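Let me begin by presenting the structure, written as structure tokens, before commenting on it.
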Amino acid sequence: MRFFRNKGDKTKKLNREFITFIVLISFSLFTLLFSTRPFVQDIKTFGFSFFSTFRSSLTVVKMYFVNTISAIRELKVMQDEYQLLVEKLDEYGKIERDYAILKNENNRLRELLGFSTEETTKYIPGLITGRSLDKYYSALVINKGVKHGVRKNMPVVAYNGGMQGLVGKIVQVGRYESLVMPIYDSSAYATSRLLHSRYEGITSGQGSLDLPLRLEQVKKRARSEISRGDIVGTSGMGGVYPPGIAIGRVEKIIDHDYETVLEIMLEPIVDFSRLEYIFILEAEHIFLEDSDD
Amino acid sequence: MIKKSMWALLITAILILFQSLLSPYIAIKTVSPDLALCILLYMALHNGIMTGQVLGFFSGLLLDVLSLAPLGLNSVTRILIGAFSGLFVGMFFIDFFLVPFFASAIAVILKALVFSLLSLLFGIQGLSVSFVTATFWIEVLYTALVAPFIFGLLNLFKPILVGGGKRR
């Protein structure tokens, strides 16, 4: 039951609540309206940096327990594997000699073709420490930030089955952590090229890692030259991603009669459901934004 | 009211951090329960409109800062949910299961509705809300099932989170 000394108390309370509601909603709506402007992004960056310090500390504790439990389990397995490895060592000695011969031959061939052997791309290794808090915005939190040389718009890759695949790009950088927009996010786009037939298109996500990526704007005349399983990689156009990073494999080709372009569904190279370790690329030609942190 | 809200906000921040870290282990088909929403509902249902909307504002702002969502999206949504939930303060007995379950389910649906409306009004890129996908209903059910446990956990801190002020 509700009791009031008089009606005035109730009216006063309602007025106070209503005014507070109007003030908070108005502020939030204005913030939302201007949330693509740089000065609001600075507030986001500051707030993100502030909380990333706590999250990174908790990550250290979490990783300690996870690693300790894993280590105990693995110790038993390692004892058996040791014996097997000693036998394999002899075998690998022979393989190493063959590799040295092949490498020399490869270098000679590259010299003949005039390719540069200098690496212009630096790799910053990182670990995924968290994922998005809601299902509407896909984001991966990694344990590298400004302190480690990470900047906004740097591409992120990972290795899966021996192949380098595109994960996404850095969209927000804090002092110790960064946010990665994965390629399967519905806002993510990458200029792409079918590595076999060389036709170009644009790859985008569908908002979930359970859904395939979508390659669009590929001319219909390419239909006869595209097969299931063909690899799609970055084309390097636009300056965001360096060329040649594998994005996905062709899974399905959709040819609408009313369209002049094909719609191709891709299975990502990277298995995002099991992704743990990533590499941030610091390539020379990529356009980067300076972080204000 | 301020003290209760600050304590609730601190608990929200801690749960959000844990949710972000443990998401790969607790998610079902990439969907995690919305723990911050459960805390907001608890505070609004026990303390009223003022606490609900203030906590909704700050917890929404926190979520916006920590995610890729545009700043203001979650704060608008959670102000509305907090204020709406606060209307029902004192109207019924908050039991262990039924009230938290149904309140959370309705709150998740309301959240999706508000997101759809804001996406339409502000032309927010990349925000696609669908009521017919399995992931949406998994989120509704998962959050609703977790809510009784969150309410139970918060009941342990009832002296600092609830009461002390006038309610309707």
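Return the calculated 222 nm mean residue ellipticity for the protein assembly as shown, to the nearest 500 deg cm²/dmol, obtained by summing -39500 (n - 2.57) across DSSP H runs with n ≥ 4 and dividing by the residue count.
Details: 9 runs with 224 residues, N = 461.
-17000 deg cm²/dmol, from helical runs alone.
To the nearest 10 degrees, how steeply does helix A:38-113 sit against the main Cα axis of chain A, on a 0 to 90 scale?
Long axis of A:38-113 versus the principal axis of chain A: about 10 degrees.
Can you give the local net charge around B:Pro24? Use residues other than it whose beta-carbon is closer than 10 angstrom to its beta-carbon, Lys and Arg +1, Asp and Glu -1.
+1
What does the structure give for A:11-21 when I average, per residue, the other chain Cβ atoms found within 10 Å of the residue Cβ?
Whole-number average of other-chain Cβ neighbours for A:11-21 is 4.
Given the options B:Leu66, B:Leu98, B:Leu121, state which has the largest fluctuation in a GNM of chain B using a 10 Å cut-off (strictly under) for Cα springs.
Top of the fluctuation ranking is B:Leu121.
Please list A:9-19, B:54-64, A:72-82 highest first by mean number of surrounding beta-carbon atoms within 10 Å per residue.
Packing order, densest peptide first, comes out as B:54-64, A:9-19, A:72-82.
For a test of the definition: using alpha carbon positions, the gyration tensor, and the 1.5 limit on a/c, classify the protein assembly as shown as rounded, prolate or oblate.
It is prolate, given that a/c is not under 1.5 and a/b is the larger ratio.
Count the net charge of all other residues whose Cβ sits under 13 Å from the Cβ of B:Phe157, scoring Lys and Arg as +1 and Asp and Glu as -1.
Result for the local shell: +3.
So how far apart, in nm, are the two label points at B:Leu110 and A:Glu263 if each is 7 Å from Cα heading toward Cβ?
Between B:Leu110 and A:Glu263, the label points sit 3.6 nm apart.
How would you order A:180-187, B:77-84 from highest to lowest mean count of nearby Cβ atoms within 10 Å?
Sorting A:180-187, B:77-84 by mean packing, highest first, produces B:77-84, A:180-187.
Could you state the angle between the C-alpha long axis of helix A:7-33 and the longest principal axis of the C-alpha atoms of chain A, as a value from 0 to 90 degrees rounded to the nearest 10?
Roughly 30 degrees between the two axes.
What average count of beta carbons from other chains do you get within 10 Å of the Cβ of residues in B:23-29?
Per residue, the average neighbour count from other chains is 3.
Shape of the stretch B:30-70 from its Cα gyration tensor (a ≥ b ≥ c, root eigenvalues): rounded if a/c is under 1.5, otherwise prolate when a/b > b/c, or oblate?
oblate
From the phi of every residue in the stretch A:146-154, what ³J(HN,Hα) in whole Hz does the Karplus formula 6.51 cos²θ - 1.76 cosθ + 1.60 yield, where θ is phi - 60° and glycine or proline is x?
Calculated HN-Hα couplings, in order: 4, 4, 9, x, 7, 9, 4, 6, 5 Hz.
Which residue, A:Tyr137, A:Ser70, A:Tyr258, has the largest displacement toward the positive end of the dipole of chain A when charges sit on each Cβ (Lys, Arg +1; Asp, Glu -1)?
A:Tyr137
Would you pull out the residues with amide H under 5 Å of A:Thr129's amide H, same chain only if 5 or more places away, H placed 1.01 Å from N?
Amide H neighbours of A:Thr129: A:Val141, A:Ile142, A:Asn143.
How far, in degrees from 0 to 90, does helix B:49-66 lean away from the longest principal axis of the Cα atoms of chain B, to the nearest 10?
Once rounded, one gets 40 degrees.
What FRET efficiency comes out for the pair A:Lys88/B:Trp137, r = Cβ-Cβ distance, R0 = 60 Å, nearest 0.05?
The formula returns an efficiency of 0.75 here.
Give me the dipole magnitude in Debye, nearest 20, for the stretch A:188-281 about the Cα centre, with unit charges on the beta carbon: positive for Lys and Arg, negative for Asp and Glu. Don't skip to the end; give the middle numbers.
Working: 11 positive and 13 negative charges, 60 e Å.
That gives a dipole near 280 debye.
With a point put 7 Å past each Cα toward its Cβ, work out how far B:Tyr25 is from A:Gln79 in nm, to one decimal.
The answer from the label model is 2.7 nm.
How shielded is A:22-31 by partner chains, expressed as the average number of their Cβ atoms within 10 Å of its Cβ atoms?
6
Let a ≥ b ≥ c be the square roots of the eigenvalues of the Cα gyration tensor of the stretch B:1-124; is it rounded (a/c under 1.5), or, if not, prolate (a/b larger than b/c) or oblate?
It comes out rounded by the Cα gyration axes.
Rule-based calculations on the coordinates, nothing more; no lab input. Small disclaimer: the values here were computed from a predicted structure and weren't measured. All Cβ positions, even for glycine, are placed from backbone atoms using ideal geometry, and neighbour counts span all protein chains on display.
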